[in-house]
Amino acid sequence: MTKFDVVGFGALNVDMLFKVNRLAGPEEESFTEDYTEVCGGSAANTIVGLARLGCKTGFIGKVANDREGKMQIDCFTKENVDTTGIIETTKGRSGSVMGFVDKKGARALYINSGVNDTIEPREINYSYLSQTKIVHFSSFVGEKSLRAQKKLLAALPNDIKISFDPGSVYAQKGFAAIEPIIRSSYVLMPNAIELELLTGEPDYRKGADLMLDAGVKIVAIKLGEKGCYLTDGQEQLLVEPFKVKAVDTTGAGDAFCAGFLYGIINKKSLYECGQIANFVASRSVMAMGARAGLPYAKDLAFLY
């Protein structure tokens with residue numbers, strides 16, 4: 001019997017978010033209007049989103065013995081995410097991100113990886129991961145942690161599904177750098193820009209087909225305010241977005257992943273998975289930070 005629906009494996013960062021009048025370019029100046037500090041990290045945000053929807057979740061990641069590390073553990077605990085898979089070290093600093101968000105919700109992020117990029121395979125509790133239905137991967141900046149993710153793939157039982165959100169960091173490395181994870185993925189969830197970086201194909205429909213050819217079973221492409229495009233080789237679906245006023249787009253893609261995986265766990269149709277994903281993402285952009293706007297299971301009631 002499995003203990004978890006989904007276990008995440010990715011970077012853990014504390015997001016320091018500044019609301020600015022506009023994003024400044026080189027040699028330009030802008031000013032801040034508000035500031036908030038919240039827990040973040042792509043896979044971590046997705047796992048919190050799933051926990052709020054009632055799923056059983058855990059996490060593999062690394063923090064230092066500092067204020068930010070304690071903040072991450074506390075955030076997970078409050079959201080009912082199991083933290084026994086998190087590696088704690090007395091050396092180094094926990095990860096952090098400095099983010100600037102303009103009036104339209106557009107953002108610029110600067111990552112300080114800290115101990116996120118020091119994860120080694122020997123530190124990972126493999127029996128912990130054998131207790132889940134799905135492992136959800138997101139990106140690290142450093143090569144050591146990427147190697148740990150690749151090594152983990154070979155150790156996972158065949159009945160565990162891989163979910164993968166490459167993000168901008170991994171997409172910029174190119175297809176070859178993350179090929180083992182892509183080829184092992186049951187569901188791949190990039191945005192259109194990331195997909196083009198990985199495939200060299202500007203048409204996201206053709207790019208999705210290339211990923212199916214690589215072995216991915218389901219490709220879900222985030223199209224922002226245009227919704228999402230989904231294909232499993234049998235169906236090709238464009239799912240309409242929910243129209244809302246965006247306050248901050250930080251974590252919108254992570255929220256999308258949470259909604260989509262919730263649909264998979266609950267055996268929803270491909271279209272329903274996309275609909276739930278779009279809804280969860282739409283709620284997340286209505287508040288500052290990646291997690292404040294994430295909905296709860298009761299909020300999904302109107303969709304059915």
*GluC sites (Glu not before Pro) within the stretch 217-304, DSSP loop, no more than 16 other Cβ atoms inside 10 Å*: GLU235
*Spin-label point model (7 Å from Cα, Cβ direction): what's the ASP159 to TYR35 distance in nm?*
5.1 nm
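Just to confirm a number: summing +1 for Lys and Arg and -1 for Asp and Glu over residues other than THR89 whose beta-carbon lies under 9 angstrom from that of THR89, what do you get? Let's see the in-between values first.
Working: positive: LYS62, LYS91; negative: GLU88, GLU123.
It works out to a net charge of 0.
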*State the cysteines of the chain left without a partner when partners are defined as other cysteines whose beta carbon lies under 4.7 Å away.*
CYS55, CYS228, CYS257, CYS273
*With no solvent and one point on each alpha carbon, what is the Debye value of log10 I(q)/I(0) for the stretch 1-77 at q = 0.15, 0.21 Å⁻¹?*
-0.64, -0.92
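Grab the beta carbon distance between ASP66 and GLU28, set R0 = 41 Å, and tell me the FRET efficiency rounded to 0.05.
Details: r = 33 Å, r/R0 = 0.81.
After rounding to 0.05, the efficiency reads 0.80.
For the stretch 45-188, what percent of Cα pairs sit more than 20 Å apart? Before the final figure, lay out the partial values.
On the way: 5314 of 10296 pairs.
Of the Cα pairs, 52 percent sit more than 20 Å apart.
Can you give the FRET efficiency to the nearest 0.05 for LYS173 and ALA301, using r as the Cβ-Cβ distance and R₀ = 41 Å? Kindly include the intermediate steps, with their values, before the conclusion.
Details: r = 41 Å, r/R0 = 0.99.
Step by step, r from the Cβ atoms, then E = 0.50.
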*Using the Kyte-Doolittle scale, find the helices of the chain whose mean hydropathy is at least 0.5 and whose Cα atoms extend 18 Å or more along the helix's long axis, counting only whole DSSP H runs.*
252-265
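Of all beta bridges DSSP finds with both residues in the chain, what is the antiparallel percent, to the nearest 5? Walk me through the numbers before you get to the answer.
Numbers: 22 of 52 bridges.
Roughly 40 percent of the beta bridges in the chain run antiparallel, per DSSP.
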*Restricting the count to DSSP beta bridges whose residues both fall in the stretch 164-304, what percent are antiparallel, rounded to a multiple of 5?*
65 percent
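Among the trypsin sites (Lys or Arg not before Pro) within the stretch 240-287, which fall in a DSSP loop and have no more than 15 other Cβ atoms within 10 Å of their own Cβ?
Numbers: sites: LYS243, LYS245, LYS267, LYS268, ARG283; in loops: LYS243, LYS245, LYS267, LYS268.
The qualifying sites are LYS243, LYS245, LYS267.
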*Return the inverse of the average 1/r over all pairs of distinct C-alpha atoms in the stretch 199-239, which is the Kirkwood hydrodynamic radius, in Å to one decimal.*
10.3 Å
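With a ≥ b ≥ c taken as the square roots of the eigenvalues of the C-alpha gyration tensor of the stretch 39-121, please select rounded if a/c is under 1.5 and otherwise prolate if a/b is larger than b/c or oblate if it is not? Working shown, then result.
Details: a/c = 2.04, a/b = 1.10, b/c = 1.85.
Oblate, because a/c is 1.5 or more while a/b does not exceed b/c.
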*Per q in 0.09 1/Å, what log10 I(q)/I(0) does a Debye calculation on the alpha-carbon atoms of the chain return?*
-0.40
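On full extension of the chain, what length is gained from LYS103 through SER130, given 0.36 nm per residue of separation minus the C-alpha to C-alpha distance?
Working: separation 27, 0.36 × 27 = 9.72 nm, distance 4.38 nm.
Length difference between fully extended and current span is 5.3 nm.
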*Taking the alpha-carbon centroid of each part, what is the distance from the stretch 257-301 to the stretch 90-116 in angstrom?*
24 Å
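Please list, by residue number, every one of the chymotrypsin sites (Phe, Trp or Tyr not before Pro) in the stretch 69-161 that is coil in DSSP and has at most 12 other beta-carbon atoms within 10 Å.
Details: sites: PHE76, PHE100, TYR110, TYR126, TYR128, PHE137, PHE140; in loops: PHE140.
Answer in residue order: no site qualifies.
Which FRET efficiency, nearest 0.05, do GLU240 and ARG205 yield, Cβ-Cβ r, R0 25 Å?
0.90
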*Which whole-Hz ³J(HN,Hα) couplings does the stretch 86-92 yield from phi under the Karplus relation 6.51 cos²θ - 1.76 cosθ + 1.60, θ = phi - 60°, glycine and proline marked x?*
7, 8, 10, 10, 8, 9, x
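Values in this text are rule-based calculations from the coordinates and carry no lab data. The structure presented is a predicted model; accordingly, all values stated were derived computationally and were not measured. Virtual Cβ from ideal backbone geometry, glycine too; neighbours counted across all protein chains shown.
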